[in-house]
Amino acid sequence: MQDKTQEIKEIIEEDIWGTILDFLNLGFHIPAGEGYIHLTIGLLLLLIVAFLVTSLLMKWLRKFLTRKMENEDKLKFISVFKFIKYVVYMVVILLTMNAAGINVTVILTASAALFVGLGLALQELFQDIIGGIMIIIDKSLHVGDIVEVDGKVGKVFEIKLRTTRAITRDDKVIIIPNHKFISDIVYNYTQNHRTTRESVKVGVAYGSDVELVSDLLIESVVEQQGVLKNPKPFVLFEDFGDSALLFSVQFFTNESFRDPRIKSDIRFKIDKKFRENNVTIPFPQRDVHLFQQKS
């Protein structure tokens, strides 16, 4: 019984397994310096299996990390994982070349300067992609948000992995690199809620009835479409200016994007009511003193 078992074991090890090893070792064995470069069927199969495993692993990892995201956000991560997959492919190829007997150190050394230059050139691109990932993950920006970047106000209508697109108040599209949302100061008017507080400032002549001015300002705002009734608007007596008493009327609106037009309409109403009630908006005044030198 033991002899038969030993005989079967020898057949498997020498005949079957040996035949498989011989098949896998078929290929080219090229002398290179003190060793050989082995380009065999086994190496090719190993490379194919590594590619398949890497592809399946990256696909599973993407689904696992994006499982709680909305479908639109999931699609944005496809390009990121494709890039990572290609990097892993490159590593697998280098490891396979090293296993074949090719000195990859020479290749890496020769391409080091290229990689450094490429990294510097793509530095801002990577920052944009990281910014896009952070926006998608922490939900710090949504479609419909009103943001102010570099003095430009726009309503976001598209968030991509590298850039965010918004339409400005004059119907122009502004393309914002995503790294600005993590490196610069960005005002998000509607981050917490849709309601924002706005103001219109005006100066009146010294000696004006300040109570009347306050009432007229409130009336001008209350009559304006787009201004909320609650919270109620209010007036601030801001300062005693050089040429005028300075007031501001504060109001709340859900239409921050239309803010300039709303403020313009309020100014028209203020001007009309001031004229009807003989309230003067003064222009800047300066006293000029002339001194004549005696000869």
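Nothing in this text is a laboratory measurement; each read-out follows from the coordinates by a stated rule. Everything numeric in this text was worked out from a predicted model, so none of it was measured.
Run the numbers for residue 230 and residue 138: contour at 0.36 nm per residue of separation, minus the present Cα-Cα distance, in nm.
30.0 nm
Just give me a number: lysine pairs in the stretch 150-295, eight or more positions apart or cross-chain, with C-alpha atoms less than 24 Å apart.
28
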